[in-house]
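Colleague: Dropping the structure in here first, questions after.
Read-outs throughout are calculated quantities, based only on the coordinates presented, and are distinct from any laboratory measurement. Bear in mind the structure is a predicted one, so any value in this text is a computation, not a measurement. Cβ coordinates were reconstructed from backbone atoms using ideal geometry, including for glycine residues, and neighbour counts include every protein chain displayed.
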Amino acid sequence: MQAFESSSDLIGQPERLQERMAAEGHLFLRRAVDPDLVLDVRARILTALGDLGWLAPGSDPEAAAPGPARREGDDGWWDGYTAIQSLERFHQLAHDGAIVEAVGEVLGEEVLVHPRKIARVTYPGARWPTPPHQDFPLIQGATDTVTAWLPLGDASIKMGGLRLLAGSHAAGLRQAVPMQGVGGVGVQVDDEDPRWRTIDYHAGDVLLFLSTTVHWAPPNNGDRLRLSVDYRYQPASEPIVEGSLLPHYAGSIPGYDVLSRGWSTRRWIEYPAAVRVVPMQDPFNASTPSGSRFGTGGR
């Protein structure tokens, strides 16, 4: 499997960034964000999880040594996930200037940062990894929504850092099918396709990709928790579904009125009053709007 080619040298050159995104469906930016900011969010999350018994008893939270395994969405998940979603720095990181400016150069217009932010906590040996999928059926709204995937700390290939199928966006939206794992929605892929890419990630790395680019997170075969985040960005002029304006897993965790208590500001979860909200389609029968900047075909 080939490693990502870094696009960090193209920052400040919007046309070249747009050309590479159109060709590959992704951009890998090595250490685009200050690693200290990323590691600060990591430390806050691990401290919160340690207080709730998610880590090995008596261990240093920084070691991310796993306690009894928890699986996303199970009954024992929500206390820890609420604690993460209550951290202002977790939401603030999505607004980091390096990310927003890079996405702005790619999209060529004002960027809307989605209020919904996603954190992943993957235990070693987890039986249900995130299956190969495209984001669009799950998020919808603007076709040219860009996901920024950041590892919170180093994440080796052994630990199951994100893998991506380069150029897969060009075929448009594939038929989504039910699959076991996080999200419950996937697409059929060839595991041996030579276009699969990954890398040993480091704190501060950012992987940007389109909502129709196929990607997945393999099992964590390391010995510590794998922490990562998904932040999403779209052209401010384009539509969004209501779910992207709410907390991740809204209904299973409190709303922003509770999550944001004690924050210095709520700007990390706010959005323009004029934003155009559209209905959510059935993920298994969704269709993308026309007019992608990056040659993505519709369905």
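Colleague: Given Cα positions, please report Rg to Rh for the stretch 1-126, the hydrodynamic radius being the Kirkwood one.
Modeller: For the stretch 1-126, the value is 1.04.
Colleague: Take each of the peptides 209-220, 85-96, 47-58, average the number of other beta-carbon atoms within 10 Å over its residues, and list them starting from the highest. Present the calculation step by step, with values, prior to reporting the outcome.
Modeller: Working: 209-220: 23.9, 85-96: 19.8, 47-58: 16.5.
Per-residue Cβ counts within 10 Å, averaged per peptide and sorted highest first, yield 209-220, 85-96, 47-58.
Colleague: For ALA98 paired with LEU39, estimate the spin-label separation in nm (one decimal), with each label point 7 Å from Cα along the Cα-to-Cβ line.
Modeller: 1.3 nm
Colleague: Checking the a/c ratio against 1.5 first, then a/b against b/c, what shape does the Cα gyration tensor give for the stretch 144-299?
Modeller: oblate
Colleague: Add -39500 (n - 2.57) for each DSSP H run of 4 or more in the chain, then divide by its residues: what number comes out at 222 nm, to the nearest 500 deg cm²/dmol?
Modeller: -5500 deg cm²/dmol
Colleague: In addition: Is the C-alpha gyration tensor of the chain telling us rounded, prolate or oblate? Criteria: a/c under 1.5 is rounded; beyond that, a/b larger than b/c is prolate, otherwise oblate.
Modeller: In terms of gyration-tensor shape, rounded.
Colleague: May I ask you to compute the full-extension gain from GLU5 to LYS158, defined as 0.36 nm times their residue separation minus their alpha-carbon distance, rounded to one decimal in nm?
Modeller: Roughly 53.1 nm would be gained on extension.
Colleague: Now for a different question. With each pseudo-label sitting 7 Å past Cα toward Cβ, what's the SER59-GLN188 distance in nm, one decimal?
Modeller: Distance between the two pseudo-spin positions: 4.0 nm.
Colleague: Let me ask something else about it. Taking a ≥ b ≥ c as the square roots of the eigenvalues of the Cα gyration tensor of the stretch 69-206, is the shape rounded (a/c under 1.5), prolate (a/b larger than b/c) or oblate?
Modeller: Rounded, because the longest to shortest axis ratio a/c is under 1.5.
Colleague: While we're here: Using 0.36 nm times the number of residues separating ASP79 and GLU270, minus their current alpha carbon distance, what extension gain do you get?
Modeller: 66.4 nm
Colleague: What does the charge count around ALA63 come to, taking other residues whose C-beta lies under 14 Å from its C-beta (Lys +1, Arg +1, Asp -1, Glu -1)?
Modeller: So the environment of ALA63 carries a net charge of -1.
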